[in-house]
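Below is one structure, written out as structure tokens; the observations come after it.
The values are calculated or read from the model by the stated rules, or taken from the named source; none is laboratory data. Values in this document were obtained by computation on a predicted structure and should not be read as measured data. All Cβ positions, glycine included, derive from the backbone under ideal geometry; neighbour counts span all protein chains shown.
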Amino acid sequence: MPTHCLSDRSLLRCGWQLGFQQTSGGLRVQQSQASAYFVSRTYDSGREGTEWNHLLLDIGRDAVLELYVWLFDRMDEEVGQCQCTNVRQCFGLIKKNAQYSSNYRNMLLYGNGGGRYARLAVKVLRSKEKNVLFRGYDLSFPKESFTRYLPAIYRDNSQLERFLAVHQNLYLELEKAVDDLAEKLDPELCMKRQAVRLARWIGWGDLAKQVDEDTLRELLRRGISLAGRKGTCGYYVEMAGILTGKDAFMIEEPEEGRAMVLIREQPENGRERYLDWLRKNVPIGIQIDFVVLHRTDRLDGPCFLDHTACLSEYESVLAAGGSPLDSLKLL
């Protein structure tokens, strides 16, 4: 059986909840509830008397919580007592029998008894921090003590184990943070909140909060190449294509200091509003218009566009002198 559950999408497969609300980033305490409960499935180590190792919750650091772990050797100890349909009752049973408890996100699971089976129960109180999310947990076995790195004469010393456990907790948490760093920097794997944070680093802070998750991740995938081209014609063409999900082309008038980005088709799901962000981020002294074909009536200096206008097929390569106006034709 698995010993960990660190994915918000499968967290509810690892247990039962009461008072939580499922979100794209994990479980959040419902506004109408003062607290929420999570009770895990039963985990089997395969050996009686197992000394389990460590429990770590993936939950916000500002969370106010109660955490309990019950270890036992006989499955019939819980059968009939803990009905999963009554999460609050099951939480109370685990709390009553738990050998290990904590108000923190992590806890060592040896020194006060062991058992073949393990169940954990979590109570999260609603606090001032509204965005605290419970994303999962990591439950590991068998026991791993730092005393094994010491000479044999110092091993199996319970007092020394308790002393080193404090340092072990700190070290393992730092080690996990280092291990998770690559995932946090990966636009495909990181949580949406982290994706927004990465977008801020590239200069898309306001935009990152507006776009949907798929568009945000596409921006991050192409972000390194785009960030170095800000203010160029290619940047606005590519950004318009990403934000609208439609092909975009540009007609330039370098001598007039202006250009026009044309979007071939009508964007779906209101994505046209993202173009407002692009309009506000055009360099001073440069005029760039963003026009959606098939829905625009327009008459100005360079050309006339209406519902019958379209672009001829051509390679979208921006030459040094700009794209000629004959790229646009009227039917």
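Data table
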quantity: Checking Lys96 against (1) surrounded by 16 or more Cβ atoms within 10 Å (Cβ to Cβ); (2) modelled with pLDDT of 85 or more, the condition it does not meet; calculated: (1)
quantity: Some residue of the stretch 170-184 being surrounded by fewer than 15 Cβ atoms within 10 Å (Cβ to Cβ), more than 28 Å from Leu27 (Cβ to Cβ) and not assigned by TED's automatic domain parsing to the domain that holds Gly25; calculated: yes
quantity: Residue in the stretch 117-127 that is within 22 Å of the chain's Cα centre (by Cα), assigned by TED's automatic domain parsing to the domain that holds Phe20, of a type in the set (Lys, Arg) and modelled with pLDDT under 80 present; calculated: yes
quantity: Complete set of residues in the stretch 202-240 that are hydroxyl-bearing (Ser, Thr, Tyr) and buried (at least 17 other Cβ atoms within 10 Å of the Cβ); calculated: Thr215, Tyr235, Tyr236
quantity: Residue ID - farthest from Trp204 (Cα to Cα), chosen from residues in the stretch 239-265 that are among the charged types (D, E, K, R) and part of a strand (DSSP E or B); calculated: Glu253
quantity: Filtered residues of the stretch 209-249 (kept if of a type in the set (Phe, Trp, Tyr) and touching a residue at least 12 places away in the same chain (Cβ under 8 Å)); calculated: Tyr236, Phe249
quantity: Residue satisfying condition, being crowded, with 21+ Cβ neighbours inside 10 Å, touching a His at 6+ places or on another chain (Cβ under 7 Å) and of a type in the set (A, V, I, L, M, F, W, C), within set Leu108, Leu120; calculated: Leu108
